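One structure below.
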Amino acid sequence: MPISTITSSPFNDQKPGTSGLRKKVKHFQQAHYLENFVQSIFSSIGDFKGKTLILGGDGRFYNQDAIQVILRMASANGFAKVIVGQHGIFSTPAASVVIRKKKAFGGIILSASHNPGGADEDFGIKYNTGNGGPAPEKITDAIYEKTLEITEYDTLDSQTDIDLSQLASHDLEGMTVQVIDSVTDYAQLMNELFDFEAIKTMISEGFTLCFDAMHAVTGPYAVEILEKQLGAIPGSVINGISKEDFGGGHPDPNLVHAKHLANLMFSDESPDFGAASDGDGDRNMIVGNNIFVTPSDSLAILTANAHLVASYKGNITGVARSMPTSQAADQVARKMGLDSYETPTGWKFFGNLMDADKVTLCGEESFGTGSNHIREKDGLWAVLFWLNILAVRNESVNDIVQKHWLEFGRNYYSRHDYEGIETESANAVITGLREKVKSLTGTQLSSLTVSYSDDFSYTDPVDNSVSDHQGIRIGFSNGSRIIFRLSGTGTSGATLRIYYESYETETENMNEDTQDALKELIIISLQLSKLEALTGRTEATVIT
Ligand code: VG1
Ligand code: CO
């Protein structure tokens, strides 16, 4: 057999976080490091002999090298076939589409999402199961356990690389490697879900848009769908050339990192609609002329308008949001008689609910929105959903948002991130709060009364698995909330996230500045957490 079993030693990294293993590229380039993790995946996912694996990534630095390593290991471990995106590219949602469509055993996605790319930046890897979604905790825990004890892995003797530049099939020591177009299957599904004719007509009648691909993976997807299929004028997609280092930027679609788009949308030259997506194409930011739509509001608005999109009309079973996401979607669910769910952060928790048909739409405050069409969040899908609604309603983004607030109330919302804190100080903040919330319920903080406070624990309604310590929640009797949690996706130090939300139903108070509207909550959070004393920080690093 042309297979080598290589001796390696376990790695003692901390547990992978919210979305798989994310580390600096240099960390991945250590001898046997990537191989150890891949073997740990293969040893934890059950019997895949004779089955198909989907493989691709967001095109960041090290993507192609990692793919060649994984192909050799997949062959040595007994996969019958691996389907790879051309040039090694799949956006995260496109990988989910292909896993489902090809009925694959699972898929490996190479991405560190919105984190910067390049030789000195971040790389990441995660495993998705046959439903197209991130592996559940029992699999990710098993993978982690394997990494602690691994001593060898299987790969091929030969070091030959597969040519990923052409659409073709290859034999790799008995395993088929099929290189497919990265965009086709995804674009076809979008065409089935949305009324492309209606959107095309709206665009041909003068509707203008700007989509910022941030030099990341969505460039080719957006050019194909928005410009070629829907007729947006060439140049509507900006920063559409994918680069290994994302042009040196943070491919994170928010008002801070997509500032030029934000500036454009608030200027006299604003198109009717603006949007951006992240490194791996699963996040979205929606902006109208003079209005930024918070991701939490976007989920609520899509839910309230889903009946305008034929493939969703009458098919919404329920809606789920991650715990720190604002309660705007809950307001819609209540009025429309839909079930609503509050899950921990991270897309994997939505998968069970969707597989059991309990929810159709779901979203996170971190610019993630999606539906049961796949099992990942989906940036371009959200953009197309908005365009479909705009084509049917024939109103501006601003009008749609304002009318939504009048009907359901407005949830002011903001997230303050404190990045690169020393891990010990960040832990001290959370530990302190964990103690405090035990006795906060019923107390008065400033002018507000605490109606509940806890360290969020989630029991999955489908398989009854329990996930503890998912963030500190403080709810007030007027509907306001403060949430504290530590990021699980960073690669240096700790990031503390504080989420603020207040609920407003008075029409005359609906157009305040967000930070002003949340001021009282911000002050309460800083006092309660002793943030400055414990971390030395006086200001958030990023406010979205
Ligand atoms: C962040 C977001 C979370 C999201 C995760 C993955 O996690 O807050 O909502 O699910 O990134 O997004 P954290 O643990 O850093 O807060 V992405 O676009 O990686 O796939
Ligand atoms: Co992402």
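The values are calculated or read from the model by the stated rules, or taken from the named source; none is laboratory data. These numbers come from a predicted model, not from an experiment. Cβ sites come from the backbone with ideal geometry, for glycine too, and all protein chains shown count toward neighbours. Surface areas here come from the heavy atoms of the whole protein model, side chains and all, with no ligands, DNA or RNA. Shrake-Rupley method; radii C 1.70, N 1.55, O 1.52, S 1.80 Å.
Simple point charges give the picture: +1 on the Cβ of Lys and Arg, -1 on the Cβ of Asp and Glu, and for the stretch 14-124 a dipole about the Cα centre of about 440 debye. Solvent-accessible surface of the chain, averaged per residue with a 1.4 angstrom probe and all protein chains in place: 38 square angstrom. Calculate log10 I(q)/I(0) of the stretch 307-399 for q = 0.16, 0.26 Å⁻¹, where I(q) comes from the Debye formula with a single equal point scatterer on each Cα and nothing for solvent. Taking Cα atoms of the stretch 307-399 as identical point scatterers yields -0.65, -1.51.
Expressed as a fraction of 2.2 N^0.38 Å, the value expected for a compact globular protein of N residues, the C-alpha radius of gyration of the stretch 152-280 is 1.35. Between amide H atoms placed 1.01 Å from N, distances below 5 Å from ASP339 occur with VAL319, all of them 5 or more places distant or on a separate chain. Give, as a single signed number, the net charge of other residues whose beta carbon lies under 11 Å from the beta carbon of ILE99, with Lys and Arg counted +1 and Asp and Glu -1. Value of the local net charge: +3.
Under 5 Å from the amide H of GLU152 lie the amide H atoms of SER8, each residue being 5 or more positions distant or on a separate chain, with H modelled from the backbone and absent for Pro and chain starts. Over the stretch 323-480, the pair-distance histogram of Cα-Cα distances with 10 Å bins from zero comes to 9, 29, 37, 21, 5, 0 percent, rounded to whole numbers.
Over the residues of the chain, compute the C-alpha Rg and express it relative to 2.2 N^0.38 Å.
On the way: Rg = 23.0 Å, N = 544, 2.2 N^0.38 = 24.1 Å.
Computed over Cα atoms of the chain, the ratio equals 0.95.
Given an 8 Å cut-off on Cα distances and at least 6 residues of separation, report the relative contact order of the stretch 140-228 as a percent. Here the relative contact order equals 18 percent.
Summed over qualifying helices (DSSP H, 4 residues or more, each -39500 (n - 2.57)) and divided by its residue number, the chain shows a 222 nm mean residue ellipticity of -9000 deg cm²/dmol. The distance from the alpha carbon centre of the stretch 81-145 to that of the stretch 516-544 is 35 Å, rounded to a whole number.
Ordering LYS49, LYS438, LYS101 by accessible surface, largest first, gives LYS438, LYS49, LYS101; the 1.4 Å probe counts only protein heavy atoms, with every chain in place.
A P(r) calculated from all alpha carbon pairs of the stretch 29-73, with 10 Å bins opening at zero, reads 22, 56, 21, 1 percent. Karplus-based coupling profile of the stretch 337-353, in residue order and whole Hz: x, 9, 6, 10, 10, 10, 10, x, 4, x, 5, 4, 6, 6, x, 4, 5, with θ = phi - 60° in 6.51 cos²θ - 1.76 cosθ + 1.60 and x standing for Gly or Pro. Spherically averaged projected area of the convex hull of Cα atoms, the stretch 455-514: 6.7 nm².
If you take the beta carbon distance between GLN515 and ILE241 as r and set R0 to 41 Å, what does 1/(1 + (r/R0)^6) give as a FRET efficiency, to the nearest 0.05?
Values: r = 35 Å, r/R0 = 0.86.
Step by step, r from the Cβ atoms, then E = 0.70.
Suppose we keep just the DSSP beta bridges with both residues in the stretch 248-356; what percent of those would be antiparallel, to 5?
Working: 8 of 13 bridges.
Around 60 percent antiparallel, to the nearest 5.
When the alpha carbon gyration tensor of the stretch 60-166 is reduced to an equivalent ellipsoid, its three semi-axes come out at 19, 19, 17 angstrom, largest first. At q = 0.12, 0.13 Å⁻¹ the log10 of I(q)/I(0) for the stretch 2-182 amounts to -0.49, -0.58, computed by Debye summation with a single uniform scatterer per C-alpha, solvent ignored. Between the amide H of ILE316 and any residue lying 5 or more places away or on another chain, no distance stays under 5 Å, with hydrogens modeled in the peptide plane.
The fraction of all Cα pairs in the stretch 186-408 landing in successive 10 Å bins from 0 to the largest distance is 9, 36, 39, 15, 1, given as whole percents. For the stretch 410-543, the Kirkwood hydrodynamic radius comes to 15.7 Å, computed from all pairs of different C-alpha atoms. Antiparallel beta bridges, as assigned by DSSP with both residues in the chain, represent about 70 percent of the total such bridges. Derived scalar couplings between HN and Hα for the stretch 145-161 equal 4, 4, 4, 7, 10, 5, 10, 7, 9, 9, 8, 8, 4, 6, 9, 5, 8 Hz in order, rounded to whole Hz, by the Karplus curve 6.51 cos²θ - 1.76 cosθ + 1.60 (θ = phi - 60°), x for Gly and Pro. For the stretch 490-544, the alpha-carbon coordinates run over 43, 24, 14 Å along the three principal axes, in decreasing order.
Taking the Cα centre of the chain as origin and charging only Cβ (+1 Lys, Arg; -1 Asp, Glu), how large is the dipole, in debye to the nearest 20? Mind showing how you got there, number by number?
Numbers: 44 positive and 70 negative charges, 182 e Å.
Dipole magnitude for the chain comes out near 880 debye.
Per-residue 3J(HN,Hα) values for the stretch 305-320, derived from phi via the Karplus relation 6.51 cos²θ - 1.76 cosθ + 1.60 with θ = phi - 60°, read 10, 4, 5, 7, 10, 3, 6, 9, 4, x, 10, 8, 8, x, 9, 10 Hz in sequence order (x marks Gly and Pro). Sequence-distant contacts, meaning Cα pairs under 8 Å at least 6 residues apart, place the relative contact order of the chain at 13 percent. With just the Cα atoms defining each centre, how far is the stretch 15-58 from the stretch 333-376? Give it in Å. Using only Cα atoms, the two centres lie 26 Å from each other.
Taking the Cα centre as origin and putting +1 on Lys and Arg beta-carbons and -1 on Asp and Glu beta-carbons, what dipole magnitude results for the stretch 186-408, to the nearest 20 debye?
Numbers: 15 positive and 29 negative charges, 78 e Å.
My answer is approximately 380 debye.
DSSP beta bridges fully contained in the stretch 1-141 are about 50 percent antiparallel. In the chain, carbon and sulfur make up what percent of the accessible area (probe 1.4 Å)? Ligands and nucleic acids excluded, carbon and sulfur reach 47 percent.
One Cα centroid belongs to the stretch 401-462, the other to the stretch 243-309; the line between them spans 25 Å.
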